[in-house]
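Engineer: Below is one structure. I have some questions about it.
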Amino acid sequence: MSQPSGQTKPMQDLIERLDLEKLEENLFRGSSPQNGWQRVFGGLVIAQALMAAQRCVDPDRIVHSLHAYFMRPGDPSIPIVYQVERIRDGSSFTTRRVVAVQHGKAIFSMSASFQVEEPGFDHHISIPNVPAPETLMGEAEFRAAFLAQAPDTVKKYWGRERPIEIRPTSLTHYLSREKLEPEAHIWVKASGLVPDDRHYQAAILAYLSDMTLLDTSLYAHGTSIFDPELQVASLDHAMWFHRPCRLDDWLLYTQDSPSAAGARGMTRGSIFTRDGRLVASVAQEGLIRKRAND
């Protein structure tokens, strides 16, 4: 397939993977990229599940929230089947439940709520004052400056092109064992063109919402998800879509971790447009467990 002008291969690949194959009414199939990872990226499962749910909702209903649980790691070598259950169709709100299945077992479940757009009260918190993305080191510069000395796990993560570019306002947690405040400010941007379609825009926003969240819960402990002594995995994920967003410019993803306890870390996130509009809120809890010594 030819690559559209202004499009990048990673974003084109993501868009194609969000165009799920319809197997039967309320039943869809999606695939994962073969990039060498042992499990499917959780953000892709969330995005595909949301696309499956949106295929089973009237077009005038727009997603306003989703709540999901990760139950088993996804196997990237085989497709994922998404089963949609039509829970409720009300006069203003619609509810769908999606279960993702591999090897005959559920790996993920999600409930999503959709609403007819209507006017109402409008306010939001202010965007933090942080450096603009243009003043920060890009991923290509980061690779050139730091990857030669980085651990293999960091090289593997940063050394490949992705559909979403990220520019953290601080790289300290990647480069030291210093215990930091459990908060992060990260600029994120689609690496290519996103369709002018609310379904794809919501799904790609959901995809990027799973990036870097779990890591923030480890800042206070002087470590990161790349630490081979840690077992880390997303357990649940919730997201609220406040305002439409075309994804054609940088977004600021602010994150903080209010608690880590019981081998779990909890992180909250807010996603702002560059001009300060709050477009989404996120909450996630993840497993952050020290591996047992042999």
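Engineer: Please tell me the relative contact order of the stretch 187-294 in percent, rounded to the nearest whole number, where contacts are Cα pairs under 8 Å and at least six residues apart.
Structural biologist: 32
Engineer: Here's another thing I want to ask about it. Find which of I164, L214, G90 sits farthest along the positive direction of the dipole of the chain, computed with +1 on the beta-carbon of Lys and Arg, -1 on that of Asp and Glu, about the Cα centre.
Structural biologist: L214
Engineer: Using the Cα centre as the reference, give the magnitude of the dipole from point charges on the C-beta atoms of the chain (Lys, Arg: +1; Asp, Glu: -1; all else neutral), rounded to the nearest 20 debye.
Structural biologist: Here the chain has a charge dipole of around 640 debye.
Engineer: Rounded to the nearest percent, how much of the accessible area of the stretch 1-144 (1.4 Å probe, protein heavy atoms only) is carbon and sulfur?
Structural biologist: Of all accessible area on the stretch 1-144, carbon and sulfur atoms account for 52 percent.
Engineer: Under the classification rounded if a/c is under 1.5, otherwise prolate if a/b is larger than b/c and oblate if not, where does the chain fall, given a ≥ b ≥ c as square roots of the Cα gyration tensor eigenvalues?
Structural biologist: rounded
Engineer: Roughly how many Å² is the accessible area per residue of the chain, as a whole number, for a 1.4 Å probe?
Structural biologist: Ligands and nucleic acids excluded, the figure is 50 Å² per residue.
Engineer: How far is helix 42-54 tilted, in degrees, relative to the longest principal axis of the Cα atoms in the chain, given as a value from 0 to 90 rounded to the nearest 10?
Structural biologist: With both axes taken from Cα atoms, the answer is about 10 degrees.
Engineer: How much length is gained if the chain between L287 and E134 is pulled fully straight, taking 0.36 nm per residue apart and subtracting their Cα-Cα distance, in nm to one decimal?
Structural biologist: Value of the extension gain: 51.7 nm.
Engineer: Taking H placed 1.01 Å from N in the peptide plane, check which residues at least 5 places from D75 or on another chain put their amide H under 5 Å from its amide H.
Structural biologist: Excluding prolines and chain starts, which carry no amide H, the hits are V40.
Engineer: Would you calculate the separation in nanometres between label points at R72 and E16, each defined as 7 Å from the Cα along the Cα-to-beta-carbon direction?
Structural biologist: 2.8
Engineer: Relative to 2.2 N^0.38 Å, what does the C-alpha radius of gyration of the stretch 196-240 come to as a ratio? Two decimals please.
Structural biologist: 1.48
Engineer: Can you compute the helix-only [θ] at 222 nm over the chain? Use -39500 (n - 2.57) per DSSP H run of at least 4 residues, normalise by all residues, nearest 500 deg cm²/dmol.
Structural biologist: -5500 deg cm²/dmol
Engineer: Something else now. Of L213, L50, L23, which is the most mobile in a GNM of the chain whose springs link Cα atoms less than 10 angstrom apart?
Structural biologist: Most flexible of the set in this elastic network: L23.
Engineer: Something else now. With unit charges on the beta carbon (Lys/Arg positive, Asp/Glu negative), name the residue among L18, S176, H64 whose Cα is farthest towards the positive pole of the charge dipole of the chain.
Structural biologist: S176
Engineer: Quick one: length gained pulling H124 to E178 fully straight, 0.36 nm per residue minus the C-alpha distance?
Structural biologist: 16.1 nm
Engineer: Apply the Karplus curve 6.51 cos²θ - 1.76 cosθ + 1.60, θ = phi - 60°, to the phi angles in the stretch 215-224 and return the couplings in whole Hz, x for Gly and Pro.
Structural biologist: After applying 6.51 cos²θ - 1.76 cosθ + 1.60, I find 4, 4, 6, 9, 3, 5, 10, x, 8, 8 Hz.
Engineer: All other residues with a Cβ under 13 Å from the Cβ of T172 taken together, and with Lys, Arg as +1 and Asp, Glu as -1, what is their net charge?
Structural biologist: Net local charge, T172 excluded: -2.
Engineer: Rounded to the nearest 0.05, what FRET efficiency is calculated for E25 and A233 with R0 set to 30 Å and r the Cβ-Cβ distance?
Structural biologist: For E25 and A233, the calculated efficiency is 0.40.
Engineer: Assign unit charges at the C-beta atoms only (+1 for Lys and Arg, -1 for Asp and Glu), then state the dipole size of the stretch 204-254 relative to its Cα centre in Debye, rounded to the nearest 20.
Structural biologist: Once rounded to the nearest 20, the dipole reads 240 debye.
The values are calculated or read from the model by the stated rules, or taken from the named source; none is laboratory data. The model shown is predicted, which means the values in this text are computed figures rather than measured ones. A quick note on method: Cβ atoms are made from the backbone with ideal geometry, for glycine too, and the neighbour counts reach across all protein chains shown. Protein only, heavy atoms only, side chains kept; ligands, DNA and RNA dropped before computing areas. Shrake-Rupley method; radii C 1.70, N 1.55, O 1.52, S 1.80 Å.
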